[in-house]
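Taken together, the values in this text are just the output of simple stated rules run on the coordinates, not laboratory data. Just so we're clear, the structure is a prediction, and the values are computed from it rather than from any experiment. Glycine also receives a Cβ, built like all others from the backbone with ideal geometry; neighbour counts cover every protein chain displayed.
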Ligand code: SF4
């Protein structure tokens, strides 16, 4: 069914139009007044002062249109272009919004590595380099019931440990490191995992990332261990761009609000692992899509942002 066109008002004489324009200006009804003034400006016999007076009450873009009679498209387009020109980095309110959404989705994030003591976590993280958490969990489910303390692992020795972790990449080197770090824990730290970055990084096979994970996850320190997922998410989104993991870590520590710092590590890893994947990020289902600065987002209809 075609729509019925709206009934047209009978044409008014010029004086009636001018009276209407003046009446609207006096009533300060801005939208109606601008429209009336715009019409009046283009008609002979209309009050130019009424049009000018109305126009001066409007923002510059509207005022210019009223004065010149040009369509509003040009200034509106300028405004839109200006609004869309965003910084390559997320602003503090955007970062707050980003973490607020990630928190809403997962209020209590944690590692996917299975562990029950700081030592088990240390071993699991040491085994996880260039391996998946799933693969590490499969190995430690067999290992930890047999040996889950520095003394027990040191007693197994490298050759005794290897069969448990043979399914994990680089297992020869990892077996040697885990046995050596276990012995160092016995010799220097009474068999306990130290809550100290320098002491952790001094352990064989333990780098900055492993130390950060242990400090954050086992001891609740607000550290961020930048792995491949966090590096990618931080750069793509504009959250904390940096050319290497140390630069990204330092940028993150500066920009992530204090109250999110403890869990930011897990939110960013999980986001990178399951949504902002390396090859084909799932941008249509990403809750921070509107904030993200990545230029090559995966196309698709965006999902509504979850509350
Ligand atoms: S919009 Fe895409 S690129 Fe940006 S964070 Fe989300 S998944 Fe990653």
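Which one of these is surrounded by 15 or more Cβ atoms within 10 Å (Cβ to Cβ) and within 16 Å of the ligand (Cβ to nearest atom): 248, 193, 206?
Of 248, 193, 206, the one residue that is surrounded by 15 or more Cβ atoms within 10 Å (Cβ to Cβ) and within 16 Å of the ligand (Cβ to nearest atom) is 248.
Look at residue 272 and say whether it is more than 7 Å from the ligand (Cβ to nearest atom) and surrounded by fewer than 21 Cβ atoms within 10 Å (Cβ to Cβ).
Considered against the rule, which asks whether it is more than 7 Å from the ligand (Cβ to nearest atom) and surrounded by fewer than 21 Cβ atoms within 10 Å (Cβ to Cβ), residue 272 comes out as no.
May I ask you to say which residue of 297, 243 is in contact with a helix residue (DSSP H, G or I) (Cβ under 6 Å, 6 or more places away or on another chain) and either over 30 Å from residue 182 (Cα atoms) or near the ligand (Cβ under 9 Å from one of its atoms) (or both)?
On inspection, the qualifying residue turns out to be 297.
Given 90, 127, 113, 121, which one is surrounded by 17 or more Cβ atoms within 10 Å (Cβ to Cβ), within 29 Å of residue 295 (Cα to Cα) and in contact with a helix residue (DSSP H, G or I) (Cβ under 7 Å, 6 or more places away or on another chain)?
Testing whether each residue is surrounded by 17 or more Cβ atoms within 10 Å (Cβ to Cβ), within 29 Å of residue 295 (Cα to Cα) and in contact with a helix residue (DSSP H, G or I) (Cβ under 7 Å, 6 or more places away or on another chain) leaves just 90.
What is the one condition in (1) touching a helix residue (DSSP H, G or I) at 6+ places or on another chain (Cβ under 7 Å); (2) touching a residue at least 40 places away in the same chain (Cβ under 8 Å) that residue 238 does not satisfy?
Against the list (1) touching a helix residue (DSSP H, G or I) at 6+ places or on another chain (Cβ under 7 Å); (2) touching a residue at least 40 places away in the same chain (Cβ under 8 Å), residue 238 comes up short only on (1).
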